[in-house]
Structure formats: C-alpha cells, structure tokens
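**Q** Input: one structure, supplied below.
The values are calculated or read from the model by the stated rules, or taken from the named source; none is laboratory data. Given the structure is predicted, the values throughout are model-derived calculations rather than measurements. Positions of Cβ are generated from backbone atoms using ideal geometry, with glycine treated the same way; all protein chains shown enter the neighbour counts.
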Amino acid sequence: MILHKRPGTGIIIGMTSPVPSAIPYSSIEAKTCLSRAPLPDAFLVSLYRALAPYRGCGHGCMYCDGRAEKYYVEGDFARDIAVRQNLAELAARDAGAGFTAREYGAICIGSGVTDVYQPLERELGLTRRTLEALVETGVPIVILTKSDLILRDFDVLARFPHALVIVTVTTVNGTDAARLEPGASTPDRRIAVVREAKARGFSSGVMAMPLCPGISDSDESFTAVLAAAKDAGADFVYPGGLTLRPGCQKDLFLSLVDEHYPALRADYDTLYGENRQSGMPRTERSAPFHARLDRLGRQFGLAQRIPYSVYNRLLSKPDALFVLFCHMQHLYSLRGVDTRPLRAATDRYARWLSGERTALRRKRIPVVSSDPFPLTRILDERFGDLLTGTGGERSLAAILENDRLASLASAVLKDGADFDYGSLAVV
Ligand code: SF4
C-alpha cells in the first residue's frame, strides 16, 4: 500500500493508527527486515544487515554522506524524512517465526546515512518498538547514534544478551559541533551516553568520524575527544576522515567552510580537488593522517577499532576470527607492516567460512527451543575441530596456509586470550 503525507501535518493517510507529529514526514513500507550476511561486517561487528527505521535524518549534519546522490534520497535530506512505518511489525514477524534469526550474531540498528534517534523518533517511537520486537530473537544488538534520546531505551537494550552502544563524537567543541551537527545532541550529552551505557553494563565507544580537516582533525581536537571518551569509560575511539562526494554533499559542506572557516577553503580545494566519486581526499594524505590518529589513540590506551574484547560477545567464534583478521590488516598496515600474507590468509578463511555457512543455510535446519541457533552450533563445532586439528584432513593452519596466524587464532579463540589492539600482541 502506498501511503501519503497530508502536507504540513505529518499525519499519514492510510495508516490504521495515524501518528500525529509536529515534524512532517512521509511513510514508506519496508519489504524486508532481518537479513543475514554471509560474512560479518567488520566495521560495526554485526552479522545481520543494518536496519534503518528512517530515510533521511533530522540531525542535518553538514558533512553527512547520506546527502550524496548515490543514496537517491529525494528532496531535502534533513527535512523530507521517510518512515518505514511497518518495520517493527516485520521485526516481530521475523523474530517470531524463528526462521531468519537462527544464527547467533549481532543485529545492527542504525547506519551512517540515517540516525535511529533523530528528533522524529521522540514522537513516533519506531526504533523503540523495533527494538522491543528484536529482543525476541535472542541475539545481541549494536546501535549507533548521535542523540541522547537513546537513554530512553536503555531498559529495552538491557533485555538483549549483550548491547553495544556506539555514539558519534567528532569534536567536543560546542561551537564547531553546532555548526557541523546542528540537530544532534551536544557533545557533552553524547559523552554522557557512553558513561551511562558503561554504568549499565553495556559495551560502549565513540565513533570519531568524520574528523574534518582544519576544523576537528588537529591533535588538540582529537585528543580532547579521546580524553572525554576515556573519562567516560569508553571501550574504544574509532576515528575516520571526511569524504566529500561530488554533488550536493560536497557543495553543502563547502558552503559551511565558506561561511564559518573561509581561511580553510583553499586547503579543501586542494585536498578534495580530484573530485573522486568515493569522496576521498588526495591519497598522500591518508597514511600519515591515520598513523597520527593511531599514535594519539595509543597514548590513551584506546583501541581505534571496536576491539575483540567487545565483539567476542556479539559474534560467534568463527565470525569473531574473521573480524579479528580484518582489523589486524588495518592495524598492522598503520604500523608499516606488509599485510599481503595476512590478507591472503583472510581471503582463504573467508572462503571457508562463507562456504560452510551457505551450505548450512541451504539445509533449512529447523529451530527448536532447546537449540535456538542450530547453524551457529554446527559451525562452532566444525570450527572447534579446525582449531584442535581433529577435523579430518583439515586444520586451521591448512586453510590459512599460515602456521603463525593459526596459533594466534588458537590462543585467542580456544585458550581465551585477548588480542590487544594497541600493542598488537596476544595478552
Ligand atoms: S546523524 Fe548521521 S545520518 Fe543523521 S545527518 Fe548526521 S551523519 Fe547523517
């Protein structure tokens, strides 16, 4: 059913229970909800593809990648919000059927192109209703936001087996934040979310991205974010740079630079003058930029990826190993290590993991209450055989073609050691 907005009211014509709202919105129907990927997402450490209750975002961040033409959001990204009004019902259907959610692994709610706690959520409560439905899946949750409205739903998050609360903080300077992220909570209130999340027993950390050249990427600015995050008890601070895709995203951001930071305009024209479709700045900037952030992060003892000690509770062991290998590639390359052997081993492992998983999914093994995640159980058993070398002719070392990596995996996944993202050592 196509639903229509009555202009200026936000009341959806055609809904059985129209929800009045001071913020105008239109309504769209989600076709699917829970969807498993063949391999976990190493960025947000989840197995299920990200859920987005909204399209567009009232936080209106000036750098938002979601504005780019690539995502085909019609109209004004910050004002023309579309609501996937049936998402909670779909979540309840998927969770109740016991069909889709039969693998243990985190569901991610939120993404870089919409915020699940944007202002409209205060009135509609769609994210809350979706979370309430997802509790029934029995799998963990990863949630990403720039709003302290998430505090309202901590009671629901506490009902998941584990929750990771990620809060984006790009600067603690209130003036810059108000210019860059006009509709989001202030940086202080976002940091307070991390503190409260940790107090509630959740994992929590900071996404410090995008750090904008000349505005929020200096040592001083990033160090202030690190210090605030550390003080709040964050598990990590994950930094990243600014991308400016040619078109409306870049045009809008440069208009902000012109208005508030005119002295930086020439630098931006140089950095982003190649107009790459990816929005990336000149390549020569990348390596020193990330190495600098890595050095600063280590001074605070904060991992600059979501660390293993967090995602080992969000993913099955075979999936956690894949994420660990992906993170190791990034961390070692930052320190100037040749990662080609690690990359090749990761590719071989990914083929094994996705191949086993795809074959198991085809069998459509039924879910029963005594065995809620049968695919994960079988995959775990096969993985355990690989680690102990009791899996017939196959062992993890044979799959990876790398004995050192196999013994590292065994120490972490079998013997319960941790991999420290600062020292890059098994501890
Ligand atoms: S909160 Fe995220 S999705 Fe929303 S405008 Fe800002 S960057 Fe975009």
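**Q** Taking the stated definitions as given, is R102 within 16 Å of the ligand (Cβ to nearest atom), surrounded by 20 or more Cβ atoms within 10 Å (Cβ to Cβ) and on the phi < 0 side of the Ramachandran plot? It would help to see each step written out before you state the result.
**A** Details: within 16 Å of the ligand (Cβ to nearest atom): no; surrounded by 20 or more Cβ atoms within 10 Å (Cβ to Cβ): yes; on the phi < 0 side of the Ramachandran plot: yes.
Criteria not met by R102.
**Q** OK, next. With respect to T376, is the statement that it is touching a helix residue (DSSP H, G or I) at 6+ places or on another chain (Cβ under 9 Å), in a helix (DSSP H, G or I) and hydroxyl-bearing (S, T, Y) true?
**A** yes
**Q** Just for helices (runs of 4 or more DSSP H) wholly inside the range 216-273: which have at least 3 residues that are aliphatic (A, V, I, L, M)?
**A** 219-232, 248-260
**Q** Another question, if that's okay. Specify which of the listed residues (E136, E89, E121, E132) is in a helix (DSSP H, G or I), among the charged types (D, E, K, R), farther than 23 Å from L39 by Cβ and in contact with a strand residue (DSSP E or B) (Cβ under 9 Å, 6 or more places away or on another chain).
**A** E121
**Q** Within the range 172-185, track down each residue that is assigned to a loop (DSSP other than H, G, I, E, B) and under 18 Å from L226 (Cβ atoms). First the steps, then the outcome.
**A** Quick first cut of the range 172-185, residues assigned to a loop (DSSP other than H, G, I, E, B) only: 172-173, 181-185.
If the condition is that a residue be assigned to a loop (DSSP other than H, G, I, E, B) and under 18 Å from L226 (Cβ atoms), then V172, N173 are the ones that fit.
Yes/no per residue for (1) outside the structural domain of S221 (by TED's automatic domain parsing); (2) within 12 Å of the ligand (Cβ to nearest atom); (3) surrounded by fewer than 18 Cβ atoms within 10 Å (Cβ to Cβ):
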| site | (1), (2), (3) |
| --- | --- |
| R128 | no, no, no |
| G138 | no, no, yes |
| R152 | no, no, yes |
| A158 | no, no, yes |
| G174 | no, no, yes |
| A178 | no, no, yes |
| R190 | no, yes, no |
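**Q** Please verify whether R79 is within 16 Å of the ligand (Cβ to nearest atom) and at pLDDT 95 or above, treating the condition exactly as stated.
**A** Considered against the rule, which asks whether it is within 16 Å of the ligand (Cβ to nearest atom) and at pLDDT 95 or above, R79 comes out as no.
**Q** Oh, and also: When you check R343 against the structure, is it closer than 30 Å to F236 by Cα, of a type in the set (K, R) and not assigned by TED's automatic domain parsing to the domain that holds T137, yes or no? Write out each step before concluding.
**A** On the way: closer than 30 Å to F236 by Cα: yes; of a type in the set (K, R): yes; not assigned by TED's automatic domain parsing to the domain that holds T137: yes.
So R343 fits the description; yes.
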